[in-house]
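Okay, so here's the structure we're looking at.
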Amino acid sequence: MRQSLILTAVAVFLLGGTLRAQGTASIDGAVVDPSDAAVPAASVTLTNADTGVARTTVSSAEGYFTFTDLRPGKYIVRVSGSGFKTWEQKDIILNVDQHVTLRPVLQIGEVSQSVEVTAAAPIVTTSQSSLSTVVGSTQIEELPLNGRNALQLVSLAPGVVSTGTTGQFGVVQPSFASSGGRDIDVNYLLDGGSNANPFYAQPIDFPSPDALQEFAVAPRNYSSQFGRGSTTVSAVTRSGTNEIHGSAFEFLRNNDLDSRPFFSSTVPDYKRNQFGGTVGGPIRKNKLFFFASYEGTQVRGAPGAAAYTTLTGPERTGDFSALGTPIIDPTTGLPFQGNIIPPGRIESQATNFITTWLPTPNLGPSTYNFTPSNSLKQNQVIGKVDYTISQKDRLGVRYLFDNIPQLSILGDGSGLDASWTASLPTRYQSANVDYVHTFSPTLLNDANFSYIRSAYADLNLVNFSLGALGYPVNYGDAFSSFGLTPDSDLNIGGYFGVYPGAPTRDIMPTWYVADNVSWVHGIHSINAGMQLYRNRINELQNFFTGGALSFSGQFTGNGAADFLLGDASSYEQIEALTSRLHETLPSLYVQDDIKVTRRVTVTAIQTLTGDPREPRGGAEVP
């Protein structure tokens, strides 16, 4: 066993560190006879009803037994002892991160006789102080989800409130706060590995609802194996079983039944299609299983219309006579005669902008209305393999690829018509490997490795710049690589703002490696391990490198008149941003669940972490 432990430690070291595989569950209990006396050395066998994979342990001198690092699913527990009838309970549903406590009562008799428990009391957890809310596959599949994003269901958990959305560019997700914590304190896990964007402290895309088995939301009082945040959202993808199962779906939305928006002359053209399917089953029964999922999402147009106040025909030439307020001449402090700016006073840059970029009103005398030409073509693919190598070794591998090319006028600002779009390419790749080795019925090791690569950008597709209008702007500090252009902004108070978006490119590779040793010894159930989390954030951004020019109306009393005269209220220019952030967070932990009696369990915890927000230690009595 010593050699096996050394080899396991070396293997984890070569992976880059160690960390606990979260997202698993456990079953424990005490075997007793009809007089409530402990039954030692009883054989306890746990079988996954869907895959046929079985594990066996023996009860301790006090009758205790524990199965750790279990995958969610349906289980059968069978207990036998010399001089007792065999006890069996079926259909034990184990959810993600759930800890189930059983109390088998063995009746006197022959081992060949059996007692099957078919109407047991509801299963409760009495050996853990942690609380969690499980969102199961039925809720995920049947509750209405806008855009089929299962993350919206996190708010079903008690104490969790939605805080809107977080992120920017094409990377936007729902955000939540729990138990008085902040939204950035929620830790997101998928199949035991990290599933978070380190820059925004938000989740990356979760699997399609048809590929997601369930997830649990746990508040602060969870065990030491969980770190980084006040709340953990731990999700698990589906796995194959001994039977082939599959699904297919399509969701369609179009504008046939849509009404015309109040500020639009037509019904906007909007179409959304989501389609795909799943399939899973055995490659080799009771040994090797597969699961695959595909979801495609296509969006064309937008469900609403965009409108803004533009310049009327006379105002474009300096005629503000239709306004009821005077236009002040900044050089004299008196109103312009007739509220008309002389043509010779109008700056050439303003004329260039009006003739080249500014649409004429199409809804009333001063309003321009249009339908954004947004588009999205997302393809998400998931592949998963679970392999029971032997009774002592289990391996799971999952890969997720999510490619989301999209065009949006809503990327980071506003545009003047439907041609003002920004390209927001987004791509996620996530790989997870989980290996469990059983040294003995009471000693088990679980190693987990996950890697995430997030890449996204904001690329302007409109060649708008203050320099092209004639303003003396120096672009010397702007990046020209990766399709990044100088970023110009023009704002006319009371009318409109012109901002095609901040040209940005982000690449964020993150890896998360883990190992946990579970040891059951007498009244002690010990978990010890180490976490190592490392991320990099590589960003190039041209935010305001092309200048940001504002006309508020402080000189003439009207923003458009200030613009025509060239009297700006503010100008801002920022040099290009280069961000290359690196972070490594190692953590050590040990936890001992001590069964003082069958009704009292004391939990002792000690953690040492590289994250200054997360030192924890102490004891709990569930």
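Please report V462, V236 as a ranked list, fewest other C-beta atoms within 10 angstrom at the top and most at the bottom.
V462, V236
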To the nearest 0.05, the calculated FRET efficiency linking E539 and T317 through their beta-carbon distance, R0 being 30 Å, is 0.10
Overall form of region 353-495 per C-alpha gyration tensor (a/c, 1.5; a/b vs b/c) | prolate
What does the highest-first list of 336-346, 575-585 look like by mean Cβ count within 10 Å?
-> 336-346, 575-585
Here are some values of percent of Cα pairs over 45 Å apart: (1) 39; (2) 34; (3) 27. Which one was computed from this structure?
-> (2)
Neighbour-count ranking for L145, L484, L70 (other C-beta within 10 angstrom, fewest to most) reads L145, L70, L484
If you add up the charges near Y435, with Lys and Arg at +1 and Asp and Glu at -1, over every other residue whose beta carbon is less than 9 angstrom from its beta carbon, what do you get?
-> -2
May I ask you to evaluate 6.51 cos²θ - 1.76 cosθ + 1.60, the Karplus curve with θ = phi - 60°, for each residue of region 441-456 and list the ³J(HN,Hα) values in order in whole Hz, giving x for glycine and proline?
-> x, 10, 9, 9, 10, 10, 10, 9, 10, 9, 9, 10, 10, 9, 9, 8
Using unit Cβ charges (K, R positive; D, E negative) and no other charged atoms, how large, in debye to the nearest 20, is the dipole of the chain about its Cα centre?
-> 1580
Cβ-based exposure ranking for E141, E572, in which fewest neighbours within 10 Å come first = E572, E141
Work through the residues other than N273 whose Cβ is under 13 Å from its Cβ and net out their charges, Lys, Arg +1 and Asp, Glu -1.
-> +4
From the backbone phi of region 424-438, what are the Karplus-calculated ³J(HN,Hα) couplings (6.51 cos²θ - 1.76 cosθ + 1.60, θ = phi - 60°) in whole Hz, Gly and Pro given as x?
-> 10, x, 9, 8, 10, 9, 9, 10, 9, 10, 10, 10, 10, 10, 9
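For P486, what charge total do you get from the other residues with a beta carbon under 13 Å from its beta carbon, if Lys and Arg give +1 and Asp and Glu give -1?
-4
Could you work out how much longer the chain between D91 and N273 gets when fully extended? Use 0.36 nm per residue separation minus the Cα distance between them, nm to one decimal.
Numbers: separation 182, 0.36 × 182 = 65.52 nm, distance 3.78 nm.
Contour length minus Cα-Cα distance gives 61.7 nm.
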Once the dipole of region 500-579 is set up from charges on Cβ (+1 Lys and Arg, -1 Asp and Glu), the residue from the list Y512, N542, S570 lying farthest towards its positive end is Y512
Amide H partners (placed H, <5 Å) of T485, local residues excluded = N460
Rounded if a/c is under 1.5, else prolate if a/b beats b/c, else oblate: with a ≥ b ≥ c from the C-alpha gyration tensor eigenvalues square-rooted, which is region 272-424?
-> prolate
Helix 2-15 axis, angle to the chain major axis (alpha carbon atoms, nearest 10°) | 10
What FRET efficiency comes out for the pair A61/Y399, r = Cβ-Cβ distance, R0 = 51 Å, nearest 0.05?
-> 0.70
Sum -39500 (n - 2.57) across every DSSP H segment of at least 4 residues in the chain, then divide by the residue count to get the 222 nm mean residue ellipticity, nearest 500.
-> -1500 deg cm²/dmol
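What FRET efficiency comes out for the pair T163/T356, r = Cβ-Cβ distance, R0 = 60 Å, nearest 0.05?
Approximately 0.90, to the nearest 0.05.
With +1 assigned to the C-beta of every Lys and Arg and -1 to the C-beta of every Asp and Glu, and no other charges, what is the dipole magnitude of region 485-599 about the Cα centre in debye, to the nearest 20?
860
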For region 545-613, size of Cβ-based charge dipole, Lys and Arg +1, Asp and Glu -1, in debye | 760
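None of the figures in this text is laboratory data; all of them are computed from the coordinates on show. As the structure is a prediction and not an experimental result, all values here were calculated from the model. Reconstructed Cβ throughout: ideal geometry from the backbone, glycine too, with neighbour counts over all protein chains shown.
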